[in-house]
Amino acid sequence: MKNKGSDNLDEGRTDVGRLVVVSNRLPMTLTKVRRGWKSEKSTGGLATAMDPLLERTGGVWIGWSGDSSAKRDPERLAEIDRWREEENCIAVDLPPEVVKGYYEGFSNATLWFLFHSFPELVNFNTSDWRDYVRANEVFRDAVVKELKPGDLVWIHDYQLMLLPQMIREAVPDARIGFFLHIPFPSSDVFRVLPRREEILKGLLGADYISFHTHRYLQNFRSSLLRINGIRSSMDGISLGSRQIRLEAQPIGIAPLEFRDILAQPKTQEIITEYRQKYKGEKVLVGVDRIDITKGLPERLNAFRRFLEQNRRMQGKVTLIQVAVPSRGNIRQYKELQQQVDELVGQINGRFGTPAWSPIVYMRRNLTQEELAALYAVADAALVTPLRDGQNLVAKEYVACKPDGDGVLILSEFAGAAAEMGEAIQINPYDEDRTAKAIARALSMPVEEKRDRMNALYKRILRNDVFTWGARFLRNTADAADARSRATVDRPQRLPRAEITAAYAAASKRLILLDYDGTLVPYAQRAKDAI
């Protein structure tokens with residue numbers, strides 16, 4: 001499918017150079033089949049945004065293949081080599097002994113919980129940190145090997161927070177942007193993290209650092225000041241002779257792709273099937289990964305409270321909850337899966353009848369057609385995470401409501417809440433008021449529904465993923481160019497060979513040296529200038 005909206009790449013400057021995208025995972029999956037290996041390309045939001053930019057700039061995508069097997073299967077290696085030639089994807093070969101500590105350990109058992117403001121769940125150990133550093137070094141080596149003069153490097157997300165500074169040290173003139181796809185926590189929470197100084201220093205290797213919301217940006221600035229003693233302004237940091245640009249820039253989706261999916265015959269068949277099945281009922285939808293941050297137990301308990309408070313709705317409303325398993329190797333996720341399974345069983349057992357189940361529970365990925373059809377028929381969507389960097393499900397639901405016939409119930413703790421004020425915003429910890437919000441959504445007058453949904457729809461059309469990607473590229477290029485100009489304005493280096501020759505030939509010698517910036521780097525705190 002052609003990416004709708006890619007014309008936004010032509011807005012503003014286009015001389016950004018070749019793009020080198022770096023993320024933990026490539027937009028490719030590799031699976032063992034009967035005869036050899038099978039590759040499949042991702043259709044996720046990030047891949048949708050990056051594909052037209054990579055095509056326009058002749059760029060490449062660097063990331064891990066997701067396979068930590070130590071086996072050097074020739075057929076597997078040949079398939080990965082084909083990725084480079086045909087898909088412009090370069091696979092990073094992470095050592096198997098590093099993967100567990102890097103990915104399951106420091107990235108997902110430490111950073112993920114902490115950045116989503118669950119410090120009580122954080123598990124840190126030094127060996128995981130060493131693996132995280134080592135993995136970032138492997139990514140650095142892959143980037144430096146590929147890098148050409150004029151390239152622009154776009155690094156994504158929390159798994160690679162050391163990478164900007166590592167590249168900067170290896171290639172001082174590199175043009176580097178970094179985008180954080182998850183929340184940045186308050187400084188009080190962030191300071192819980194061991195190695196917090198190193199994480200901040202790693203990010204400061206970038207020319208441009210961007211977050212989903214101004215709140216996350218402010219949290220980052222506060223942490224810089226309180227932990228590393230570095231002052232900043234709303235839009236930048238002065239670090240010696242370097243200027244680092246800061247910005248809040250929420251990611252969007254490709255809404256016109258959902259319009260195309262809705263128009264497909266297969267999708268229309270599924271929509272017809274759903275409407276016949278739930279005729280005379282109201283339909284609620286929730287689409288989430290099984291993740292502690294998504295607030296699934298809180299949502300289910302709120303729905304139970306709604307059924308208790310609205311007995312006349314029993315048998316007349318169904319919650320279709322899609323819950324995609326994830327990170328099953330982490331203990332907390334196994335426990336969450338069990339808790340959700342039990343809650344669904346309890347609610348269906350208490351309120352269900354032979355003809356009606358209040359919750360339809362789908363523990364699997366849906367096809368694009370199934371997902372769009374589900375959004376289209378749902379009278380309201382429950383997007384109620386306890387904490388979320390952005391949450392694109394909210395925007396996907398809106399994209400499937402061009403006629404304004406739905407209601408979005410949205411957690412105030414999702415990054416999307418900052419730009420989706422027309423949604424019914426709730427505190428997911430408040431079970432009683434969330435139940436009342438469900439009742440309000442299902443009884444809302446048609447005119448109010450349309451006013452709210454039409455405003456949301458226009459906004460997601462305007463701020464789509466292509467606009468987000470093109471703007472990030474332009475801003476990174478501008479920030480890097482400003483840093484290069486500042487570098488040119490600095491005094492030239494002294495001619496070492498001439499000075500040492502003159503020193504050796506002199507009969508009397510006197511050396512006068514400044515301290516800050518000469519013997520030691522500039523530092524914000526005197527005790528650090530050593």
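Give the accessible surface of segment 49-204 per residue, rounded to a whole number of Å², with probe radius 1.4 Å and ligands, DNA and RNA excluded.
On the way: 6140 Å² over 156 residues.
Solvent-accessible surface per residue comes out at 39 Å².
Normalised by 2.2 N^0.38 Å, where N is the number of residues, the alpha-carbon radius of gyration of segment 48-191 equals 1.13. For trypsin sites (Lys or Arg not before Pro), the sites in segment 452-529 that DSSP calls loop and that have at most 10 other Cβ atoms within 10 Å are Arg493, Lys508, Arg509, Arg525. When Rg and the Kirkwood radius Rh are both evaluated on Cα atoms of the chain, their ratio Rg/Rh stands at 1.02.
Sorting the Cα pairs of segment 436-481 by distance into bins of 10 Å, from 0 upward, gives 22, 28, 21, 17, 11, 1 percent per bin.
Note on segment 280-341: Kirkwood hydrodynamic radius from all Cα pairs is 12.8 Å, rounded to one decimal.
Return the calculated 222 nm mean residue ellipticity for the chain, to the nearest 500 deg cm²/dmol, obtained by summing -39500 (n - 2.57) across DSSP H runs with n ≥ 4 and dividing by the residue count. Show your work: numbers first, answer last.
Details: 19 runs with 225 residues, N = 530.
Estimated from H runs of four or more residues: -13000 deg cm²/dmol.
Here the label points at Arg231 and Arg35, each 7 Å from Cα along the C-beta direction, are separated by 6.9 nm in the simple model.
The apolar share of the surface of segment 86-159, taken as the fraction of accessible area on carbon and sulfur atoms (1.4 Å probe, ligands and nucleic acids excluded), comes to 47 percent. For segment 208-256, the list of trypsin sites (Lys or Arg not before Pro) that fall in a loop by DSSP and count at most 12 other C-beta atoms within 10 angstrom reads Arg231.
Send over a whole-number figure in Å² for the accessible area per residue of segment 453-530, probe 1.4 Å. Spell out each step's value before the answer.
Working: 5750 Å² over 78 residues.
Per-residue value: 74 Å².
Once neighbouring chains are kept in place and the probe is 1.4 Å, which whole percent of the accessible area of segment 336-404 is contributed by carbon and sulfur? Result for segment 336-404: 45 percent of the exposed heavy-atom area is carbon or sulfur.
Compute for segment 206-342: radius of gyration divided by Kirkwood radius, i.e. Rg/Rh, restricted to C-alpha atoms, rounded to two decimals. Write out the running numbers ahead of the final one.
On the way: Rg = 22.7 Å, Rh = 19.8 Å.
Over the Cα atoms of segment 206-342, Rg/Rh equals 1.14.
Over the C-alpha atoms of segment 138-195, the Rg to Rh ratio, Rh being the Kirkwood estimate, stands at 1.05.
For segment 269-374, trypsin sites (Lys or Arg not before Pro) are listed when DSSP marks them as loop and at most 11 other Cβ atoms sit within 10 Å of their Cβ; the list is Lys279, Arg364.
On the principal axes of its alpha carbon atoms, segment 134-272 extends 61, 38, 27 Å, with the longest extent given first. From the alpha carbon centroid of segment 206-234 to that of segment 22-82 is 33 Å.
Translational diffusion coefficient of segment 430-530 at 20 °C, 1.002 mPa s, Stokes-Einstein with Kirkwood Rh over Cα pairs, in µm²/s as a whole number.
Working: Rh = 21.6 Å.
My calculation gives 99 µm²/s for D.
At a probe radius of 1.4 angstrom, the accessible area of segment 259-325 per residue rounds to 45 square angstrom.
Helix 214-228 and the longest principal axis of the C-alpha atoms of the chain enclose an angle of approximately 40°.
The values are calculated or read from the model by the stated rules, or taken from the named source; none is laboratory data. Fair warning: this is a prediction, and the values are worked out from it, not measured in the lab. Cβ atoms come from the backbone with ideal geometry, glycine included; neighbour counts cover every protein chain shown. Accessible surface is based on the protein model in full, side chains and every heavy atom, while ligands, DNA and RNA are left aside. Shrake-Rupley method; radii C 1.70, N 1.55, O 1.52, S 1.80 Å.
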